[in-house]
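> The structure that follows is given in the form of structure tokens.
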């Protein structure tokens, strides 16, 4: 456990939101996460956003990994 | 799919595999404590990317697999309540209790509905006021907030026909029991990344402090898992044991405060019966008195009490779950126990160690 | 009279009398015609001597109208595609209905119109059928059963004829139909773009046969997805089939939906794709032919046949690792764990 998929928020209305990935959408709840904005990426599990993806952290990690890969 | 695809990059995965081969730590038994990790490793064939001496074993992190037969039997018994609609995640449909399963009960006439979210179960209750909706609350801390929100929502909407049969279990207590038991000797643990989004990486500090076992909080894409293994090997090589967060894009050291407040409001800890392991103190949750109107165990206490105790079965899932035995070593694996005719949950659950081994040819 | 009398199907419509005759004439025959219909209980077909391919199928899809198609189109295409797998030219179909009392007449008319469209596209005639109406609750809206006959153009094309060295072509993206239907039926995810791929593959298959491509086996993956079909062929032929995961085309929305629900897209149904096992010398040419036909634009060579391990389907992942692609166990279920 547990299956959670990164999805992008396209609409927010209080604790309700719409999340989207590759044009598949789902009404979700965002009760656990303060300060979300349309365009944010969140992990969705069982219809609930459990974490906001730290995009900068993700990009930095990937950049570093790519650098290491190219060195090989 | 953004933030998924990039973490499946083949070149990056292979370069990490190369680094693993060059690691100073040449042998290790790493336990992943999450069924979704088992599935990921099997689906992407990650085990064959690991160096010779590095073994990946599956621990008791499949909430479906560790649901005790007694609990399944009790939930199934609720199907006989007049007007009952048994609502569950798809994962539980084919898991056998002592003698039957949700799937078989459905064939025998029970009204069984599969949902993706517990909130959908609340909607069913709202739309069918003459029915008695019982939701099977399975899952770890990742799933508990959604269930808590469902209970609160049902309360706010004054739904008289919605209850949860709660068999949720909590990770840290289970890990403590596993390590304290001494039977399982592992070089390191891959900790479940999504549970950790809720409880925070600091929740596992005791593993490093009390047991000196290196840990990596790990995500589920191939790159994530390889980084998790790399972290363990590095810690071993350096002779350290810490909780290394290699899923920092999703996980923080601190627990999610809103989830914590929800848990305090709706749940309280209790002992839980883990299939194949036994009772682990304070490793489960039950619904607090304030929300007892939504507790299936209270509303249907008589029905549940009447359910006979499950007999001891020949199923050796427990040994597999504790990492004490590989799927292929179980005498029933592939013979008496196959995905289409499973004996135990490790084979039924799509993320069970045995199902993964059978489907993908693991170990 | 049908339209004036009832906007729903009644038990009388299946009772064998005048009301039923009216239904048949005004809804079925008016849609997909009475080609060669003499009003007899059997259609009699003129066929040249040789081999006949004969197939039957039942269709119980829920919902009966889904994004990209409906049960009528499904019935025709499913049957036609089965006939094509035997390298036969579909000649004639029977279409029989079991209708639940109370089904809206409009729905039935739409299904009949769809059957006509599909039959016309597939260049096949509906020559006979049957109509029954059962009491409300005894059937789910409408069930359709078909049978089909085709004239075998090349004998010996069979799931048991795959040979080591053969290449495996998939004519397009995997998992479309099953995903579209699941999303339409269950309250899981909202779908704006996943469509069923239900389609007749007559053009593709006839073109390949006409060009003399040495096709050994064909299978149209339905329930169980390409995983099931590949396993069937591997077992029938006693060979190993190795698939390259990166070569299997999957539409992004289908991939995303399957990921979100924990489904293996390779186990999810198609209804408009063909797996073609072809001699390696004809593989590239075959692919080109498929590409040039409607419904084949996204075709790829996805794998090849080996001698061993027998009856096994293996898949090479993006990382060069290998895993077994097993026969699906049972019902496709969404997971959260």
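> Starting from a Cα-only point model with no solvent, please compute log10 I(q)/I(0) by Debye for segment B:221-293 at q = 0.19 1/Å.
Per q value, in the given order, log10 I(q)/I(0) is -0.95.
> Still on this structure, please answer the following. Relative contact order for chain B using alpha-carbon pairs under 8 Å, separation at least 6, rounded to a whole percent?
For chain B, the relative contact order is 23 percent.
> Ok, one more. Can you give the Kirkwood hydrodynamic radius for segment B:1-141, in Å, rounded to one decimal and based on Cα pairs?
18.2 Å
> Cut-off is 10 Å between beta-carbons; in what order do C:59, B:333 appear when sorted fewest neighbours first?
With the fewest neighbours first, C:59, B:333 line up as C:59, B:333.
> Quick one: among C:129, C:50, C:238, which has the greatest mean-square fluctuation in a GNM of chain C with alpha-carbon springs under 10 angstrom?
C:50
> Mean-square fluctuation check for chain B, GNM, Cα pairs under 10 Å: which of B:215, B:330, B:346 is largest?
Between B:215, B:330, B:346, it is B:330 that shows the largest mean-square fluctuation.
> How big is Rg to Rh over chain B, alpha-carbon atoms, Rh as the Kirkwood inverse-mean-distance radius?
Checking Rg against Rh, the ratio lands at 0.97.
> Using a 10 Å cut-off around each Cβ of peptide A:48-58, what is the average number of partner chain Cβ atoms that fall inside?
Taking the mean over all residues of the peptide, I get 6.
> Taking Cα atoms, how many degrees apart are the long axis of helix A:55-71 and the longest axis of chain A, rounded to 10 and kept between 0 and 90?
Tilt of helix A:55-71: around 20 degrees.
> Would you kindly give the portion of the calculated P(r) for segment C:224-307 that falls above 18 Å, as a percent of all Cα pairs?
In whole percent, the share of Cα-Cα pairs in segment C:224-307 beyond 18 Å is 48.
> Which FRET efficiency value, to the nearest 0.05, is calculated for residue C:298 and residue C:187 with the Förster distance at 30 angstrom and r the Cβ-Cβ distance?
0.50
> Can you pull the Kirkwood radius for chain C, inverse mean 1/r over Cα pairs, to one decimal in Å?
Taking the inverse mean of 1/r over all distinct Cα pairs, chain C comes out at 20.8 Å.
> Arrange C:286, B:252 by Cβ neighbour counts within 10 Å, fewest through most, would you?
The most exposed by this proxy come first: B:252, C:286.
> While we're here: Is the shape of segment B:66-177 best called rounded, prolate or oblate, per the rule: a/c under 1.5 gives rounded, else a/b larger than b/c gives prolate, else oblate, with a ≥ b ≥ c the square roots of the Cα gyration tensor eigenvalues?
Note, shape of segment B:66-177 comes out oblate.
> Which shape class, rounded, prolate or oblate, goes with segment C:291-337 when its Cα gyration tensor gives a ≥ b ≥ c as root eigenvalues, a/c under 1.5 marks rounded, and past that a/b bigger than b/c marks prolate?
Note, shape of segment C:291-337 comes out oblate.
> Give me the base-10 log of I(q)/I(0) for the protein assembly as shown at each q in 0.08 Å⁻¹, Debye formula, one uniform scatterer per Cα, rounded to two decimals.
-0.71
> Treating the angle as unsigned and between 0 and 90°, give the value, to the nearest 10°, between the Cα long axis of helix C:105-122 and the longest Cα principal axis of chain C.
50 degrees
> May I pose another question? Mind listing the Cα extents of segment B:197-324 along all three principal axes, in Å, largest one first?
56, 41, 29
> Between residue A:35 and residue B:100, what is the label-point separation in nm under the 7 Å Cα-to-beta-carbon projection?
5.3 nm
> Oh, and also: Stokes-Einstein diffusion coefficient for segment C:139-178 at 37 °C in a medium of 0.692 mPa s, Rh from the Kirkwood formula over Cα pairs: what value in µm²/s?
219 µm²/s
> Using the 10 angstrom Cβ neighbour count as an exposure proxy, how do B:40, B:150 rank, fewest first?
Ascending number of Cβ neighbours within 10 Å: B:40, B:150.
> Taking 7 Å along the Cα-to-C-beta vector as the label spot, tell me the residue C:281-residue B:24 distance in nanometres, rounded to one decimal.
Simple spin-label model gives 6.0 nm for this pair.
> So what is the 222 nm mean residue ellipticity for the protein assembly as shown from helices alone, if each DSSP H run of at least 4 adds -39500 (n - 2.57) and you divide by all residues, rounding to the nearest 500 deg cm²/dmol?
Mean residue ellipticity, 222 nm, calculated: -9500 deg cm²/dmol.
> Expressed in nm to one decimal, what extension gain is obtained for the pair residue C:291 and residue C:120 from 0.36 nm per residue of sequence separation less their Cα-Cα distance?
Difference between extended and current length: 59.3 nm.
> Quick one: grab the alpha carbon gyration tensor of segment A:1-51, order the square roots of its eigenvalues as a ≥ b ≥ c, and give me rounded if a/c is under 1.5, else prolate or oblate depending on whether a/b is larger than b/c.
oblate
> Another one. In whole Å, how far is the Cα centre of segment B:59-105 from that of segment B:268-347?
10 Å
> Looking at the protein assembly as shown, what % of its DSSP beta bridges pair antiparallel, to the nearest 5?
Approximately 60 percent, going by the DSSP bridge assignments.
> On to the next question. Give me the distance in nm between label points sitting 7 Å out from Cα along the Cα-to-Cβ direction at residue B:254 and residue C:51, one decimal.
Result: 7.3 nm between the two label points.
> Follow-up question, since we're still on this one. Whole number please: convex hull volume per residue, Cα atoms of segment B:107-172, in Å³.
It is 91 Å³ per residue.
> Report relative contact order for segment B:16-71 in percent, whole number only (criteria: Cα-Cα under 8 Å, sequence separation at least 6).
45 percent
> So which residue, out of B:336, B:110, B:126, gets the largest mean-square fluctuation from a GNM of chain B using Cα contacts under 10 Å as springs?
Comparing B:336, B:110, B:126 in a Gaussian network model of chain B, the most mobile one is B:336.
> Between residue C:247 and residue B:107, what is the FRET efficiency for a Förster distance of 25 Å, r being their Cβ-Cβ separation, to the nearest 0.05?
0.05
> Now for a separate question. Please work out the ratio of the alpha-carbon Rg of segment C:167-324 to 2.2 N^0.38 Å and round it to two decimals.
Its radius of gyration relative to the 2.2 N^0.38 Å reference: 1.02.
> Also, I was wondering about something else. P(r) tail for segment C:54-158, what percent of Cα pairs lie past 25 Å?
The share of Cα pairs beyond 25 Å in segment C:54-158 comes to 20 percent.
> Using Cα pairs closer than 8 Å and at least 6 residues apart in sequence, work out the relative contact order for segment A:5-71, in percent.
Relative contact order of segment A:5-71: 27 percent.
Each reported figure results from applying straightforward, stated rules to the coordinates on display, with no laboratory input. As the structure is a prediction and not an experimental result, all values here were calculated from the model. Cβ: placed from backbone, ideal geometry, glycine included. Neighbour counts: every protein chain shown.
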